[in-house]
Structure formats: structure tokens, C-alpha cells
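Take a look at the structure below.
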Amino acid sequence: MILVQLSSGAGPLECCKAVAMAVKRLEGDAKALAIKVNTLAVEQAELSGCYKSVLLELTGAEPQILKQFAQQWHGSMLWVCQSPFRARHKRKNWYFGGQIFEIAEQTFDSEIRFQQCRASGAGGQHVNTTDSAVRATHVATGITVRVESERSQHANKRLARALLMQKLAEQAQQAASQQQKSRWQQHNELQRGNPIRTFKGPEFSQTHKGKGYGKFTVYM
């Protein structure tokens, strides 16, 4: 499983807009390669159409193709554009970041304890009268996620598994780099400068390309 997280870091609303535009660009590029993109989690910004962070799942292609495609979105990226929200603002460089989580699924289910529970909150009679919500716990670490956003228990279980995998992969990456920070704290560490990709203008066009890999180009 390949997960891609796009984040505006601690940047202003313009960076959140860049994340939203990057998601659309990623989805369009993925469609051309028959790669399926599933949105697992979204942290909305204060303005509609802008995201602080988005977690995406890539499926539908060979693992190596998915990995090569995801690598295009790993690292610091730059959107060069006049602010769409502050007409007289001098700044034109808006940074956002991407991070890849590559997770093996073969033996993962044996490490998870799933519990069904009654969904809460709004959602109509169906949600209120069925035990569709799922709580997933990684037995070894005690990490737990709860999902009730989908109609069926099967769909909630799949989403809970993916989110739990992401949390475990992030924990491993943080340990490897001697970081003890949460996912949302990690967003604030977005590195400025030396972007791997640069986009320009309201149309979010690519300004330079990199090396070709198979059927598509990996942007450097």
C-alpha cells in the first residue's frame, strides 16, 4: 500500500490552496496512468477549497509504478503565484510538502484487533441504528483509530486499517530520524527551499521536468 500525505505545514491560506490544487493535479496525473486515488483523511482550512493536509491512498497499478509515481510528490514543493486572497501582497512563493508511506499488508491483519461499535453523531436513521463504526487497535503498540464515516462496516474497517498503517509507518519514520512528534506537529516541519517540483500561476502549471521512468515522467 502506498499513501501520500500533502501538507501546507504552518503556511498561510495560500499554502493550503496550493495543497488543494496539488491534489487535483495528482488525481489527474494518476487517472492518466490508471492509478486509483482514494482520499482517506482531510484537514480543512478556514476557507472552502483549501486544505491544511490531505492523506491519499494509491492503488490499481503495480507496486513499483505506484512507488515511482508517489515519489513525484515526496519532499518540499513550491507554487509561484500572486496571492489569490491578498491582491497587494508582495510574496509569491508558497511552499507545501509531500510525504510517502509505503506499507506491507501481508501479515498486518494478524496484528490488529478490530471492534465494532455504534456510530455516533448525525447521519440519519441508518447510522443511528447499526453498529457500523469500527475501532482498530494495533496490539503491539496500542495505537488505536476509530472510523465511522462510511455506511458499511466493511468500508469503515478498510479505512481504519489504512489509517492505522499510516500511523505505524509514520512512527517508524520518526524513530529512524530520532523524532518524537505527532503527525500534526510534523506538518510544521515543512522544509523551505530546494523544492523537488515547482508550479506556477493560477493554472498550477509545471515549470520543469525530470527524468522519465517507464510510461511516465518523474518530476525532479
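The values are calculated or read from the model by the stated rules, or taken from the named source; none is laboratory data. Only a predicted model underlies this, so the values are computations on that prediction, with no experimental measurement involved. All Cβ positions, glycine included, derive from the backbone under ideal geometry; neighbour counts span all protein chains shown. In case anyone asks, the SASA skips ligands and DNA or RNA and just uses the protein heavy atoms, side chains included. Shrake-Rupley method; radii C 1.70, N 1.55, O 1.52, S 1.80 Å.
Output the residues belonging to segment 1-35 that are hydroxyl-bearing (S, T, Y) and assigned to a loop (DSSP other than H, G, I, E, B).
Listed by number, the list holds a single entry, S8.
Pairs please, first residue from segment 28-43 and surrounded by 14 or more Cβ atoms within 10 Å (Cβ to Cβ) and modelled with pLDDT of 95 or more, second anywhere and of a type in the set (D, E, K, R) and in a strand (DSSP E or B), Cβ atoms under 8 Å, 6+ apart in sequence or on different chains.
Partner pairs satisfying both residue conditions: A30/K36; V37/E57.
Test each condition in (1) in a strand (DSSP E or B); (2) at pLDDT below 90 for A122 and report the one that comes out false.
Just one mismatch for A122, condition (1).
Does segment 55-87 hold any residues that are within 20 Å of T39 (Cβ to Cβ), in a loop (DSSP other than H, G, I, E, B) and small (G, A, S), and which are they?
G60, A61
Condition first: modelled with pLDDT under 85, hydrophobic (A, V, I, L, M, F, W, C) and open to solvent by less than 20 Å² (accessible area, probe 1.4 Å). Can you find one or more residues in segment 189-201 that meet it?
Within segment 189-201, not a single residue is modelled with pLDDT under 85, hydrophobic (A, V, I, L, M, F, W, C) and open to solvent by less than 20 Å² (accessible area, probe 1.4 Å).
Please name all residue pairs, on different chains or six or more residues apart, with Cβ atoms under 6 Å, provided the first residue is in segment 52-71 and is in contact (Cβ under 8 Å) with a residue 24 or more places away in the chain and the second residue is charged (D, E, K, R) and part of a strand (DSSP E or B).
Close Cβ pairs satisfying both conditions: K52/E43; S53/E43; T59/K36; G60/K36.
Out of all the residues in segment 88-109, which are outside any loop (DSSP other than H, G, I, E, B) and at pLDDT below 75?
F108, D109
Looking at the structure I just gave you, is A155 assigned to a helix (DSSP H, G or I), of a type in the set (G, A, S) and at pLDDT below 80?
no
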